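Trainee: Here you go, one structure.
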Amino acid sequence: MSDQNDPMAEIRASFFIECEELLEALQDGLSEMDEGSEDPETINVVFRAVHSIKGGAGAFGLEPLVRFAHRYETVLDEVRSGRLSPDHEGQKLFFQAADHLSDLVRACRDDATVPEDQSQALLDQLNGLLGEQEEDTEVTPEEFEPLGLSLDLPDLDALPAPALTTYTIRFKPEAELYETGNEPQMLLRNLGELGEAQVSCDTSALPSLAELSPETPYVAWTIRLQTAAAEPEIREVFEFVEGLCELTISDASDTEESPPAETLPDAPATIALAGPATDPVEPEEAAAPSPDTPRKSGSGAAAKSVVRVDLERIERLVNLVGELVINQAMLSQSLEQAGLSPHSDAMNGLEEFQRLTRDIQDSVMMIRAQPVKSLFQRMSRIVREASAAVGKEVRLVTEGEATEVDKTVIERLADPLTHMIRNAVDHGLENNEARASSGKPSEGTVRLTAAHRSGRVIIEVSDDGSGIDRPRVLKIATEKGLVPPDVQMTEAEIDNLLFMPGFSTAGKVSNLSGRGVGMDVVRTAIQSLGGRINIFSERGKGTTFSISLPLTLAVLDGMVVRVANETLVLPLNVVVETLSLGPGDVQMLRPGAFVVRVRGGFVPLYDLGVILGYRGPLQDHDRGIVLLIALEDGNRAALVIDGIEDQRQVVIKGLDESFYRAPGIAAATILGDGQIALILDPSDVIASAGSIRPKDRALAERMVEHG
Amino acid sequence: MADNTTAKDLELLTFRVADQEYSLDIMSVREICGWTRTTPMPHAPAFMRGVINLRGTVLPVMDLALRLNMQSQKTSDRNVIIVVTLNGTLTGLLVDAVSDIVAISVEDLQTPPEMSSDPQSTVVRALTVIDDRMIRVLDLAAIVPSGTEEVA
Amino acid sequence: MSLTILAVDDSRTMRDMIRMALAPSGFTVHVAEDGIHGLEVLDGIDPDAIITDINMPRMDGFGFIDAVRGQDDHRATPILVLTTESAPELKMRARNAGATGWIVKPFDPVKLVKALHMVAG
């Protein structure tokens, strides 16, 4: 059965992908049940998910998976049929079983060691739900015989040439036999394949033609079969029609009145059926590859099926569309320069072209977009495990699971989110007693939400715990030398200390949040995705971490600006507002460091031309233009530029190290005129500038507050 | 142009940089394009002229004269960019002009004499003589930054 | 002996397995993801036999068999039910719904081919 391309391996791989989908559906269904869904389809979906995993696992001989799935399925079937309704603990067990099922799937996929101890514990618990009466539904080995074994059967059968036996078979179909699509001719032919058969037809019950009613069985057959096959094999031919016919099989070999088979060759109404006497299952035919084997023609009907595409091909498409967008912008620019009337056919056509290009771009981006659901489901498991590890009752509430985000973002968000969720459970939430004494429900809540907001994806992790203990955070930061003693800091600044490398608030390092990995790693991961993370915390009420991510890694809503005759692009979403400077707006903080007055407050001023080395410092900022930028740490900064050119979507082109990419240069893009413009990361640019230290920034911010 | 003797197993693209003749194995040359304005990369070394748009790809361009520690020439429309490929990465090399494509045999290559004071010695992998002119054969791997090496 | 088969199963793995089991015998295999889809696919083809799963979304195997038997064109088309349970009551239920026979999952490709030949020629 082994093929040059090993289709089995391909199907096996596809099975594990399907398992992931089924596990997701399982999680979904269980969550719905947990929320009290009354929809009978919910338990059906849950049941089917486990059932399908079991079915596939059986086909690949994945015994531990089959065994566990079978028991799980049996329990779910009890729920489905209404004989069992799980309580809170039962529901919890279902979740655990789902988690374990997913572990088993992955262990089988990766040929890793299967956690059998855990299986046994959960199997026992599932048995507990079933009670005693279901004990007999044990999986019997022959039901789930691995595929590979049964393949050898035809050969084994073919080995000996046993003595022939003659059977007399009487067979009279009933009406139901026809109703189920069975066909006596087929049965007779199949019998013929077991050996040499003489078939005589008893038409005595046949009415005259006028009285004949279709599909009413009037006919009976008597077959004399000389075969090497034993009676069970003969019965097998009639397996599907058992109970739908009168059937008697008798061994005629030693019956005296039975004439030798040869004496009745040309009796009337006798059909001679010859077949290979010792080869009941025609293995040659089954195995013979046919030249027109139509794998493809069969797939035509599966119009709704999902196409799996190599990610590289999508990348290529995304790149091509990016070029199309650039080309279209260039074309539109040259048509404008040619002075064509806006009402000319060419300009109208161009407008349509622009619309189509945008649509294509959106559609292509959609290919890469995936709902965050799978990610959130993984987090629900993290919550279950983390809460069990620290002995807290925690409920995870998720919202916006259908929110779609670029696939790469989802993949690279898993680790930071896991860490944040564990943090929320471990550090964010108080223990049950502390909650009770402060009048909160003993069960803590962790919320995980996703939403689209003004062209970005906002993902929030929040807990209803005690909030950030700021005096303690400050104390630890001072002790660790992260901030100078006696420093005055705003609440937001103290909260942001959590993101400093080497900071950990846990009094004792728990084995849950782990050691070494801090929120600084989380922030770096988010930033590498073009995202930002912010903290909002209220004492006694809880803490919220808010992650803001670009919708896609391939396009950016940018503000195109000019600095010293160079064109630069800044992410539009960081630009709070644009200001034009008047006399006295810029004040010197100390030589080389300036602040700008913004509505009575002061914001540190940075000259992009100087930071990027395009030119020396300006003597006079009067009538200059500044962009007020929201930095990742919640602070603001003002960037001096020479002029604003445009606001538009740009296609991001990566720059690797071979480009001598300086800090703050995030990527590049190609503008409508074909020129390349660099895309800046303002926070990085300012961090690299280093001319104004955090202390100054803190000072400037306080001036804002009191100003 | 070289004559048609046998065993010409190496083709070189020869070009001028700061009035000197250099060459590269033609197999590493992807294309040659005209000079276009580069977008400078902030804080990059001086020989890194910036990036240009090569049909939708962002191409880093090096000033080969500066890279070879020679005086950079004033660039004009007559300059050309040789697009080379090394380990799958494209880089543009700004040169004064492309001269010729010559076929030589490997035996015609000479190892340059050891001169430790010569800053070019590490980037010139061989010398050859064509029509009485000395041509330097550049070692592309030594010129084009590979990954983390030499990054500013 | 090239037969045209319609296989209805909500599991992609099962559909792939069926296709792989039948393709070497020169069968033409059409697939559908559930009962409703199965009826849609059936509309354009005239299979020699149908294989169907029981547990499926939208329309399960029993409903599907019932609907197929209700169509004049397919009243006598052999239908094999794929079942993981060899429990007699499930076989009875399948037969009562009009199934011709059954295959116990995980199936042996040779037995599947044999069963199809048994019911469809």
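Yes or no, residue by residue, for (1) surrounded by fewer than 21 Cβ atoms within 10 Å (Cβ to Cβ); (2) under 17 Å from C:LEU6 (Cβ atoms); (3) out of contact with any strand residue (DSSP E or B) (no Cβ under 8 Å at 6 or more places or on another chain); (4) of a type in the set (Lys, Arg):
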{"site": "C:GLY70", "(1), (2), (3), (4)": "yes, yes, yes, no"}
{"site": "C:ARG75", "(1), (2), (3), (4)": "yes, yes, yes, yes"}
{"site": "C:LEU82", "(1), (2), (3), (4)": "no, yes, no, no"}
{"site": "C:LEU90", "(1), (2), (3), (4)": "yes, no, no, no"}
{"site": "C:ALA94", "(1), (2), (3), (4)": "no, yes, no, no"}
{"site": "C:ASP108", "(1), (2), (3), (4)": "no, no, yes, no"}
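Trainee: For the subset of the stretch A:602-632 comprising residues that are over 22 Å from A:VAL569 (Cβ atoms) and modelled with pLDDT under 80, which member is surrounded by the most Cβ atoms within 10 Å (Cβ to Cβ)?
Mentor: It comes out as A:HIS621.
Trainee: How many residues are without any contact (Cβ under 8 Å) to a residue 40 or more places away in the chain and either in a helix (DSSP H, G or I) or buried (at least 17 other Cβ atoms within 10 Å of the Cβ) (or both) if we restrict to the stretch A:17-39?
Mentor: The number of residues fulfilling the criteria is 6.
Trainee: Can you find, within the stretch B:45-88, the residue that is nearest to the other protein chains (Cβ to nearest Cβ) among those that are more than 17 Å from the chain's Cα centre (by Cα) and in a loop (DSSP other than H, G, I, E, B)?
Mentor: Checked the stretch B:45-88; the qualifying residue nearest to the other protein chains (Cβ to nearest Cβ) is B:GLY56.
Trainee: Conditions first: (1) within 13 Å of the chain's Cα centre (by Cα); (2) touching a residue at least 40 places away in the same chain (Cβ under 8 Å). C:GLY35 passes all but one, so which condition is the exception?
Mentor: Exception for C:GLY35: condition (2).
Trainee: Considering the stretch B:62-113 alone, what residues qualify as being buried (at least 20 other Cβ atoms within 10 Å of the Cβ) and of a type in the set (S, T, N, Q)?
Mentor: Matches in the stretch B:62-113: B:THR91 only.
Trainee: Let me ask something additional. Go through the stretch A:428-483 and report how many residues are touching a strand residue (DSSP E or B) at 6+ places or on another chain (Cβ under 9 Å) and in a helix (DSSP H, G or I).
Mentor: 4
Trainee: Where the second residue is at pLDDT below 80 and not acidic (Asp, Glu) and the first is on the phi > 0 side of the Ramachandran plot and assigned by TED's automatic domain parsing to the domain that holds A:LEU498 and lies in the stretch A:520-535, which pairs have Cβ atoms under 6 Å and are six or more apart or on separate chains?
Mentor: Cβ pairs passing all conditions: A:GLY530/A:PRO550.
Trainee: Please count how many residues of the stretch A:232-251 are facing chain C (nearest Cβ under 9 Å) and aliphatic (A, V, I, L, M).
Mentor: Final tally of qualifying residues: 3.
So that you can scan it fast, the table gives a plain yes or no per residue for (1) in contact with a strand residue (DSSP E or B) (Cβ under 6 Å, 6 or more places away or on another chain); (2) over 19 Å from A:ALA98 (Cβ atoms); (3) in contact (Cβ under 8 Å) with a residue 24 or more places away in the chain:
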{"position": "A:LEU324", "(1), (2), (3)": "no, yes, yes"}
{"position": "A:LEU335", "(1), (2), (3)": "no, yes, no"}
{"position": "A:ARG395", "(1), (2), (3)": "yes, no, yes"}
{"position": "A:THR398", "(1), (2), (3)": "yes, no, yes"}
{"position": "A:GLU411", "(1), (2), (3)": "no, yes, no"}
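Trainee: While we're looking at this one, here's another question. With the checklist (1) at the interface with another protein chain (Cβ under 10 Å from one of its Cβ atoms); (2) closer than 21 Å to C:ASP16 by Cα; (3) crowded, with 17+ Cβ neighbours inside 10 Å in hand, flag the one item A:GLY61 doesn't pass.
Mentor: Going through the list (1) at the interface with another protein chain (Cβ under 10 Å from one of its Cβ atoms); (2) closer than 21 Å to C:ASP16 by Cα; (3) crowded, with 17+ Cβ neighbours inside 10 Å, A:GLY61 breaks only (3).
Trainee: Follow-up. Note down all Cβ pairs under 7 Å where the first residue falls in the stretch A:371-392 and is farther than 16 Å from A:VAL457 by Cβ and at pLDDT 90 or above, the second is among the aromatic types (Phe, Trp, Tyr) and not in a helix (DSSP H, G or I), and they're at least six residues apart or on different chains.
Mentor: Pairs that qualify, where the first residue is farther than 16 Å from A:VAL457 by Cβ and at pLDDT 90 or above and the partner is among the aromatic types (Phe, Trp, Tyr) and not in a helix (DSSP H, G or I): there are none.
Trainee: Taking B:LEU24 as meeting all but one of (1) within 14 Å of another protein chain (Cβ to nearest Cβ); (2) buried (at least 17 other Cβ atoms within 10 Å of the Cβ), write down the number of the exception.
Mentor: Here B:LEU24 meets the rest and fails (1).
Trainee: Would you point out the residue of the stretch C:1-16, among those that are out of contact with any Leu (no Cβ under 8 Å at 6 or more places or on another chain) and over 12 Å from C:GLU33 (Cβ atoms), that is farthest from the other protein chains (Cβ to nearest Cβ)?
Mentor: That would be C:THR4.
Trainee: Is it the case that A:ARG48 is outside the structural domain of A:GLU401 (by TED's automatic domain parsing), over 16 Å from C:SER11 (Cα atoms) and modelled with pLDDT of 80 or more?
Mentor: In short, no.
Trainee: Mind telling me which of the residues A:ALA9, A:ALA69 ends up being at pLDDT 85 or above and either out of contact with any Pro (no Cβ under 7 Å at 6 or more places or on another chain) or within 23 Å of A:GLN125 (Cα to Cα) (or both)?
Mentor: Working: A:ALA9 fails: at pLDDT 85 or above.
Selected residue: A:ALA69, the only one of A:ALA9, A:ALA69 that is at pLDDT 85 or above and either out of contact with any Pro (no Cβ under 7 Å at 6 or more places or on another chain) or within 23 Å of A:GLN125 (Cα to Cα) (or both).
Trainee: Further question: Can you name the condition, by its number, that A:SER341 falls short on among (1) at pLDDT below 80; (2) in a helix (DSSP H, G or I); (3) away from chain C (no Cβ under 14 Å); (4) over 26 Å from the mean Cα position of the chain (by Cα)?
Mentor: Status for A:SER341: all satisfied but (2).
Trainee: If we scan the stretch C:22-40, do we find a residue that is surrounded by fewer than 24 Cβ atoms within 10 Å (Cβ to Cβ), more than 7 Å from chain A (Cβ to nearest Cβ) and not hydrophobic (A, V, I, L, M, F, W, C)?
Mentor: yes
Trainee: Same structure again: Within the stretch B:91-118, work out how many residues are in a strand (DSSP E or B) and either over 13 Å from the mean Cα position of the chain (by Cα) or away from chain A (no Cβ under 14 Å) (or both).
Mentor: 11
Trainee: Okay, moving on. Going through the stretch A:435-454 one residue at a time, which ones are modelled with pLDDT under 90 and surrounded by 15 or more Cβ atoms within 10 Å (Cβ to Cβ)?
Mentor: A:ARG435, A:LYS440
Trainee: May I pose another question? Inside the stretch C:1-15, can you point out the residues that are under 16 Å from A:ALA9 (Cα atoms) and surrounded by fewer than 24 Cβ atoms within 10 Å (Cβ to Cβ)? Walk me through it before giving the result.
Mentor: Residues of the stretch C:1-15 under 16 Å from A:ALA9 (Cα atoms): C:12-15.
Hit for the stretch C:1-15 is C:ARG12, nothing else.
Here is a yes/no grid of residues against (1) more than 14 Å from chain B (Cβ to nearest Cβ); (2) assigned to a strand (DSSP E or B):
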residue	(1), (2)
A:PHE602	yes, yes
A:LEU605	yes, yes
A:TYR614	no, no
A:GLN619	yes, no
A:ARG623	yes, no
A:ILE629	yes, yes
A:VAL640	yes, yes
A:ASP646	yes, yes
A:VAL650	no, yes
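Trainee: Would you be able to tell me the number of residues in the stretch B:86-107 that are among the polar types (S, T, N, Q) and either modelled with pLDDT under 85 or touching a Ser or Thr at 6+ places or on another chain (Cβ under 6 Å) (or both)? Walk me through it before giving the result.
Mentor: Taking the stretch B:86-107 as the starting set, the residues that turn out to be among the polar types (S, T, N, Q) are B:87, B:89, B:91, B:99, B:105.
Now drop any that are not either modelled with pLDDT under 85 or touching a Ser or Thr at 6+ places or on another chain (Cβ under 6 Å) (or both), which leaves B:87, B:89, B:99.
Counting residues in the stretch B:86-107 that are among the polar types (S, T, N, Q) and either modelled with pLDDT under 85 or touching a Ser or Thr at 6+ places or on another chain (Cβ under 6 Å) (or both) gives 3.
Trainee: Given the condition modelled with pLDDT of 85 or more, more than 31 Å from the chain's Cα centre (by Cα) and surrounded by fewer than 17 Cβ atoms within 10 Å (Cβ to Cβ), answer yes or no: does some residue in the stretch A:424-431 qualify?
Mentor: The first filter runs over the stretch A:424-431 and keeps only residues modelled with pLDDT of 85 or more, leaving A:424-431.
Filter again for more than 31 Å from the chain's Cα centre (by Cα), leaving A:430-431.
Among the residues that remain, those that are also surrounded by fewer than 17 Cβ atoms within 10 Å (Cβ to Cβ) are: A:431.
So far as the stretch A:424-431 goes, yes, one or more of its residues are modelled with pLDDT of 85 or more, more than 31 Å from the chain's Cα centre (by Cα) and surrounded by fewer than 17 Cβ atoms within 10 Å (Cβ to Cβ).
Trainee: I want to confirm something. Restricting to the stretch A:70-86 and keeping residues that are over 29 Å from the mean Cα position of the chain (by Cα) and hydroxyl-bearing (Ser, Thr, Tyr), which single residue is nearest to A:ASN44 (Cα to Cα)?
Mentor: Of everything passing the filter in the stretch A:70-86, A:SER81 is nearest to A:ASN44 (Cα to Cα).
Trainee: Same structure, new question: Regarding the stretch B:32-44, can at least one residue be identified that is over 27 Å from A:ASN565 (Cβ atoms) and either within 14 Å of chain A (Cβ to nearest Cβ) or outside any strand (DSSP E or B) (or both)?
Mentor: Within the stretch B:32-44, not a single residue is over 27 Å from A:ASN565 (Cβ atoms) and either within 14 Å of chain A (Cβ to nearest Cβ) or outside any strand (DSSP E or B) (or both).
Trainee: Being at the interface with chain B (Cβ under 7 Å from one of its Cβ atoms) and within 32 Å of the chain's Cα centre (by Cα) is the filter here, so list the residues in the stretch A:662-678 that pass it.
Mentor: Once the filter is applied, which keeps residues that are at the interface with chain B (Cβ under 7 Å from one of its Cβ atoms) and within 32 Å of the chain's Cα centre (by Cα), the stretch A:662-678 yields only A:ALA668.
The values are calculated or read from the model by the stated rules, or taken from the named source; none is laboratory data. Just so it is clear, the model here is predicted, and its values are computed rather than measured. For neighbour counting, all protein chains shown are included, and Cβ atoms are generated from backbone atoms with ideal geometry for every residue, glycine included.
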